[in-house]
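Written out below as structure tokens is the structure these notes cover.
The values are calculated or read from the model by the stated rules, or taken from the named source; none is laboratory data. The shown structure was predicted, so the numbers you read here are calculated from the model rather than taken from an experiment. Positions of Cβ are backbone-derived with ideal geometry, glycine not excepted, and every protein chain shown enters the neighbour counts.
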Amino acid sequence: MNSKTSVPEYFDVIIVGAGAAGLTAAIYTSRRALKTLIISKDVGGQAALTTEIENYPGVGLVDGFDLMNRFLADAKKFGAILKSEEAKKIEKDGGDFIITTNSNQYRAAAIILAFGLTPRDLGVPGEEELKGRGVSYCATCDGPLFKEKNVAVIGGGNSALDAAEYLSRIAKKVYLIHRRDKFRGDEILVDRVKKISNIEILYNTNIARIKGNNKVEAIELVDTNNQPLKDLSVDGLFVEIGHIAKTEWVGDLVEFDDHKQIKTNKNCETKTPGIFAAGDVTDIEYKQIIISGGEGAKAALQAYKYLQQTKGIKGTSIDWGTAKK
């Protein structure tokens with residue numbers, strides 16, 4: 001199919017998102033011999049932005065990008081197709097669904113929403129103008145651009161601690177800015193970061209403005225009572241203050257919690273039969289790779305069961321090592 005006016009190509013299952021949840025779901029649906037399409041602008045989600053993962057069982061210390069590419073390789077091995085597109089709209093069409101992307105339309109009997117969360121903006125003057133000009137939301141993506149330069153990281157969780165540690169190996173100086181007097185991240189990461197000589201931690205501090213002409217030159221700091229502190233000269237700012245669910249495009253086919261995350265039951269089902277959701281975009285409390293992977297597997301198996309009941313799809317279970325025919 002080459003345009004939105006053509007007949008949409010049909011898939012048994014369309015998975016939106018290619019992070020741990022989406023790729024695991026694709027492995028499971030493909031292994032059940034379901035024609036599977038993955039739609040995602042990128043591969044790996046947040047996991048791919050982490051340089052050192054230590055808590056994924058059985059693999060030891062692993063680079064997140066490498067781990068997610070292993071997931072992708074497995075999904076493709078069993079027949080899943082990946083399209084580097086952005087999903088824009090879902091519509092119900094009879095017993096099927098139509099997904100419109102930025103360049104195509106596709107039809108599916110079942111949908112699995114697993115597109116994760118989006119980095120939260122800092123929301124201060126200068127941020128929008130200097131995005132991509134020193135303001136970054138991905139240390140592993142943009143860190144190498146700041147070799148032997150001064151940078152700042154803002155945030156208090158694991159992502160901020162990971163970013164600061166990673167950047168300390170590249171940048172000359174790293175300022176780690178946190179609005180509270182104690183980090184929310186894992187103690188092992190906190191202890192590690194505190195021991196790194198070129199990281200300076202600024203507690204009880206916020207950023208009021210990002211300054212620069214065509215590129216980041218300084219950040220204006222205030223304390224937690226918005227009292228001025230000082231301007232800090234930096235070449236780059238890495239925003240690591242959490243993520244939000246950008247789910248508006250799904251419309252009213254699912255229910256949302258107060259954080260716009262998709263509500264699911266224990267079987268990853270949404271309010272619309274045939275639409276399932278898994279991973280960080282849902283209202284599950286814990287956002288971890290292994291949990292997202294498990295939820296993706298559950299969503300896939302439930303989608304398979306749904307298709308058996310509604311479409312008479314027989315599929316092929318090869319979970320015990322039988323070669324795919």
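If I filter region 182-196 for residues that are part of a strand (DSSP E or B) and either modelled with pLDDT under 95 or aromatic (Phe, Trp, Tyr) (or both), do I get at least one hit?
no
Which condition number in (1) of a type in the set (S, T, N, Q); (2) part of a loop (DSSP other than H, G, I, E, B); (3) surrounded by 14 or more Cβ atoms within 10 Å (Cβ to Cβ) is the one that GLN46 fails?
(2)
Answer with yes or no whether TYR106 is out of contact with any strand residue (DSSP E or B) (no Cβ under 6 Å at 6 or more places or on another chain) and in contact (Cβ under 8 Å) with a residue 24 or more places away in the chain.
So TYR106 does not fit the description; no.
All but one of (1) in a helix (DSSP H, G or I); (2) of a type outside the set (S, T, N, Q); (3) modelled with pLDDT of 95 or more; (4) within 23 Å of the chain's Cα centre (by Cα) hold for ASP142, so report the exception by its number.
The single condition ASP142 does not satisfy is (3).
Take ILE291 and decide whether it is out of contact with any strand residue (DSSP E or B) (no Cβ under 8 Å at 6 or more places or on another chain), at pLDDT 95 or above and surrounded by 14 or more Cβ atoms within 10 Å (Cβ to Cβ).
So ILE291 fits the description; yes.
If the requirement is being in contact (Cβ under 8 Å) with a residue 40 or more places away in the chain, within 30 Å of ALA277 (Cα to Cα), surrounded by 13 or more Cβ atoms within 10 Å (Cβ to Cβ) and among the β-branched types (Val, Ile, Thr), which of these qualifies: VAL234, VAL239?
On inspection, the qualifying residue turns out to be VAL239.
Between SER30, SER84, which is more than 28 Å from GLY157 (Cβ to Cβ) and within 18 Å of the chain's Cα centre (by Cα)?
SER84 is the lone residue from the list that is more than 28 Å from GLY157 (Cβ to Cβ) and within 18 Å of the chain's Cα centre (by Cα).
Here is a check on your reading of the model: is VAL135 touching a helix residue (DSSP H, G or I) at 6+ places or on another chain (Cβ under 8 Å), crowded, with 17+ Cβ neighbours inside 10 Å and of a type outside the set (Gly, Ala, Ser)? Let's see the steps before the verdict.
Working: touching a helix residue (DSSP H, G or I) at 6+ places or on another chain (Cβ under 8 Å): no; crowded, with 17+ Cβ neighbours inside 10 Å: yes; of a type outside the set (Gly, Ala, Ser): yes.
Considered against the rule, which asks whether it is touching a helix residue (DSSP H, G or I) at 6+ places or on another chain (Cβ under 8 Å), crowded, with 17+ Cβ neighbours inside 10 Å and of a type outside the set (Gly, Ala, Ser), VAL135 comes out as no.
Inside region 211-261, counting only strands (runs of 3 or more DSSP E) that do not spill past its ends, which hold 1 or more residues that are closer than 17 Å to TYR175 by Cα and within 28 Å of the chain's Cα centre (by Cα)?
218-223, 236-239
Kindly check whether there is at least one residue in region 263-272 that is more than 25 Å from ASN158 (Cβ to Cβ), over 19 Å from the mean Cα position of the chain (by Cα) and crowded, with 18+ Cβ neighbours inside 10 Å.
yes
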